[in-house]
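Heads up: the structure comes next, in structure tokens.
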Protein chains: 2
Amino acid sequence: MTPPSGDASSGRGTGAYAGPAKRATILDVAAAAGVSRQTVTRAMNAMPGIRRETRQRVQDVARELGYTPSRFAKGLVQGARTSVGLSIPDLTNPYYPAFASSVVELATQRGWHVVMDDYGHGGATGAESVEHLAPQVDALIGYLGGATDEAQAILGRRPLVVLDQPAGSASGRISFDYGHAAQAALGHLQARGCRHLAYIDRADSEAGRATVAPGHRGERGHASGSAQEVVTARGQAFARSAAAAGVVLAVSVSPESAADARQVTRRLLEEHPRTDGIVVFNDLMAAGALKALAESGRAVPADCAVIGMDGIPLGELLTPELTTLALDLREVGRAAVELLDGLLTGSIEPGGPGSELVLRHRLVLRQSA
Amino acid sequence: MTPPSGDASSGRGTGAYAGPAKRATILDVAAAAGVSRQTVTRAMNAMPGIRRETRQRVQDVARELGYTPSRFAKGLVQGARTSVGLSIPDLTNPYYPAFASSVVELATQRGWHVVMDDYGHGGATGAESVEHLAPQVDALIGYLGGATDEAQAILGRRPLVVLDQPAGSASGRISFDYGHAAQAALGHLQARGCRHLAYIDRADSEAGRATVAPGHRGERGHASGSAQEVVTARGQAFARSAAAAGVVLAVSVSPESAADARQVTRRLLEEHPRTDGIVVFNDLMAAGALKALAESGRAVPADCAVIGMDGIPLGELLTPELTTLALDLREVGRAAVELLDGLLTGSIEPGGPGSELVLRHRLVLRQSA
DNA sequence: TGATTTTCCGTGAACGTTCACGCACCTGTC
DNA sequence: GACAGGTGCGTGAACGTTCACGGAAAATCA
């Protein structure tokens, strides 16, 4: 009968937080209410077999003591509510929030909890993120940037769904058909009459690095950035697709930000002044490219057409509005959650049929091309 | 000595997820390795007092059996690692990701876990979000849209930090000095020579509704939207500030999206063709306003200046680049986490001094005003 | 050799909750 | 007045892990 924290009169009536005093347990409540554990359980969980007034009294005492059932004890005895980790490199990049939002929504619908990590800002890697999340979750969805195998090793038998990664040991995988995307974009530009094409790739980051087979560097064009080769899966697809179509493609490389892409585009236009069609790694970088084009006095799309990639909402707000290879990001989230659901329920075999999904970009024509 | 799942030879070598079979416990591992519980614990947690080869053998067996320590049992005996809930109405709105990213980063630095909920898309309310998160977390940070008291009641004594909400029973609160923001924006427009000002408010949502004292509807100007009154705290501040400065302010109301704001701005310009300075509820809506101004053939800022609010990265990518009342969203996240930290450690008293923080917007001059 | 430390490992207890029972009491029914 | 069937509540056991011990064997030292 010893309330664990200060006396009740010190509170401010409503249940304001009373500091990190020792937590009240179900036994404290039981003692204070003059009942047993089980009755407290019945009162707190809306179970039958308890008199109305007893329930009320117990609830009052519980509130008074600031009692909150231990999620650990509860989980231990009841079996886990599934909680999934969501590992994302940078929420600040507008690509990810739409995806994350979709995952959270659909996970919540299934009664799951989502433990989120945004690992890019602290300079951490995907593997470190998984390491941080692993002890807390039953499964994981993530853009891990090349750490697939390490991540699956950390998770052991727990399902892992990776996005935009080459094949690996992950239980499930969602990837994108960049060949299709490249053909659609380059084809559209050619049909428009563009003859001097360029592609601006994202600079080396962990993501996609594993896709570059050693010794095979892609058919690269002219690197105007810092003379780096094409490193991303997207870049490779564009290089291949251009080569197959007999098109010359100037390739530049930029870190992932609009400001960087702006600079790189500026240099690209100096070195290749006749460029009349540009595809950019993603919409954010495309926004930077548009800026550079405007600065150089070029009209878009009249002098130079621009196609972005991913289809984030930002594109519609730019001037001119951005033509883009759009991905329905909510759909990507849905695919990831449903795949994970299948893996959790056992209806999909890890690494087996149905555990790999390939999604396609859709060319959305707006003003810029 | 009975492995809980299928025989080991059925696995594919590397630890691929083997389906939702009954989980292996520490005892299974101990039996299979021929040691005791405690030795398994020592092996798994890098504790001293175990022979190198024993550790290795136990770890191998653990991997073989797909053993993952129960976070519930662990949490129960070790005392909780704190996990905080993060409740956000809409990750799709570019305002929130930057904030969320900052919260996740700083929480992770402290060894906390972040359980995220994005409650807007399912049509849920802030209170429902808290209800969903509550059993899983030790504290909560959130943009709850008016459900402050209900949320604190659900959480009991656990700390709650609410953002952009009027005073309530929350343990901690972070709010914004909209009076200051309004003066800065209107002052700047006046100094620029703008004489016919307008403010585009966000339409009624739960957020901020509680700030409208019954009977006091703010000195509203001309509502060109659907004749609604000013409902947000921001709107009230602008109305008050305009009245104090003797400025006429046309007020329109729009749902929160760039497309909606575009339509509303179009109507505003029809009804008030001489408008030469507009402040918009947030940057996203301001992007829509810019679109409408361009459509109407007006030059920005020459014919009409525009000021947005919040300072999301989008603003820099628009044409013209958006002048805005910027908030450092990472700073907001930092404030929230530090406040929560203080509440958790007890160095800040809930509702006491230091539990309420007021942040100010800073006028960032770019091209649009 | 015997005493002392060190290394390695095992056993009881505890964390806080729910589940499966079982017991006591009340309300009818024949 | 005994029996059946509820209603309301309490007690042992179990969930899976770590902590605090304690003990045996091995290593070290006098």
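Rounded if a/c is under 1.5, else prolate if a/b beats b/c, else oblate: with a ≥ b ≥ c from the C-alpha gyration tensor eigenvalues square-rooted, which is the protein assembly as shown?
oblate
Using packing as a proxy for protection, rank A:44-51, A:243-250 so that the peptide with the highest average count of other Cβ atoms within 10 Å comes first.
A:243-250, A:44-51
Would you pull out the residues with amide H under 5 Å of B:Y199's amide H, same chain only if 5 or more places away, H placed 1.01 Å from N?
B:A250, B:V251, B:S252, B:V279
Read phi for every residue in region B:98-115 and hand back ³J(HN,Hα) as whole Hz from Karplus 6.51 cos²θ - 1.76 cosθ + 1.60, θ = phi - 60°, with x for Gly and Pro.
4, 5, 4, 4, 5, 4, 4, 4, 6, 5, 4, 4, 8, x, 7, 10, 10, 9
From the residues A:Q190, A:G146, A:G354, which one has its Cα farthest along the dipole of chain A in the positive direction, the dipole being from +1 and -1 charges on Cβ of Lys/Arg and Asp/Glu about the Cα centre?
Projecting each Cα onto the dipole axis, the largest value belongs to A:G354.
Please tell me the relative contact order of chain A in percent, rounded to the nearest whole number, where contacts are Cα pairs under 8 Å and at least six residues apart.
It comes to 14 percent, rounded to a whole number.
Assuming a viscosity of 0.890 mPa s and a temperature of 25 °C, what translational diffusion coefficient in µm² per second does Stokes-Einstein assign to region A:79-169, Rh being the Kirkwood radius over Cα pairs?
D, rounded to a whole number, is 188 µm²/s.
Rounded to the nearest 100 Å², what is the sum over both chains of accessible area buried where A meets B, with a probe of 1.4 Å?
Using a 1.4 Å probe, the pair buries roughly 5700 Å².
Run the dipole for the protein assembly as shown about the Cα centre, Lys and Arg Cβ at +1, Asp and Glu Cβ at -1, nothing else charged, and hand back the magnitude in debye, nearest 20.
1400 debye
With a point put 7 Å past each Cα toward its Cβ, work out how far B:E270 is from B:R37 in nm, to one decimal.
7.5 nm
Residue-wise, which Karplus ³J(HN,Hα) couplings in Hz belong to region A:270-277, taking 6.51 cos²θ - 1.76 cosθ + 1.60, θ = phi - 60°, and x for glycine or proline?
With the stated coefficients, region A:270-277 comes to 6, 6, 10, x, 8, 3, 10, x Hz.
Report the residues of region A:351-366 in range of a label on A:A299: point 7 Å along Cα→C-beta, backbone N strictly under 19 Å from it.
Inside the label zone: A:366.
Pairing the Cα long axis of helix A:178-191 with the longest principal axis of chain A, what angle in degrees results, from 0 to 90 and rounded to the nearest 10?
That helix lies at roughly 40 degrees to the long axis.
How much area per residue is accessible in chain A when the probe is 1.4 Å and only protein heavy atoms are counted (Å²)?
41 Å²
Give me the Å³ per residue figure for the convex hull around the C-alpha atoms of chain B.
Value for chain B: 176 Å³ per residue.
At a Förster distance of 30 Å, what's the computed FRET efficiency of A:A244 paired with A:R362, Cβ-Cβ distance as r, to 0.05?
With a Förster radius of 30 Å, E is 0.90.
Taking H as built 1.01 Å from N, whose amide H comes closer than 5 Å to the amide H of A:I348, not counting residues under 5 places away?
A:L343
Using a 1.4 Å probe on the protein chains only, how many percent of the accessible area of the protein assembly as shown belongs to carbon and sulfur?
Heavy-atom surface of the protein assembly as shown belonging to carbon and sulfur, 1.4 Å probe: 51 percent.
Taking a label point 7 Å from Cα toward Cβ, how far is B:G297 from its twins in the other copies, in nm, shortest first?
2.8
Long-range amide H contacts for A:T323: which residues qualify at under 5 Å (H placed 1.01 Å from N, peptide plane, sequence gap of 5 or more or a different chain)?
Close amide H contacts, sequence-distant or interchain: A:G308, A:R366, A:Q367, A:S368, A:A369.
Residue-wise, which Karplus ³J(HN,Hα) couplings in Hz belong to region B:48-57, taking 6.51 cos²θ - 1.76 cosθ + 1.60, θ = phi - 60°, and x for glycine or proline?
x, x, 8, 6, 3, 6, 4, 4, 4, 4
The values are calculated or read from the model by the stated rules, or taken from the named source; none is laboratory data. The structure presented is a predicted model; accordingly, all values stated were derived computationally and were not measured. Note that we place each Cβ from the backbone using ideal geometry, even for glycine, and neighbour counts take in every protein chain shown. Note: accessible area is taken over every heavy atom of the protein model, side chains too, but ligands, DNA and RNA are not part of it. Shrake-Rupley method; radii C 1.70, N 1.55, O 1.52, S 1.80 Å.
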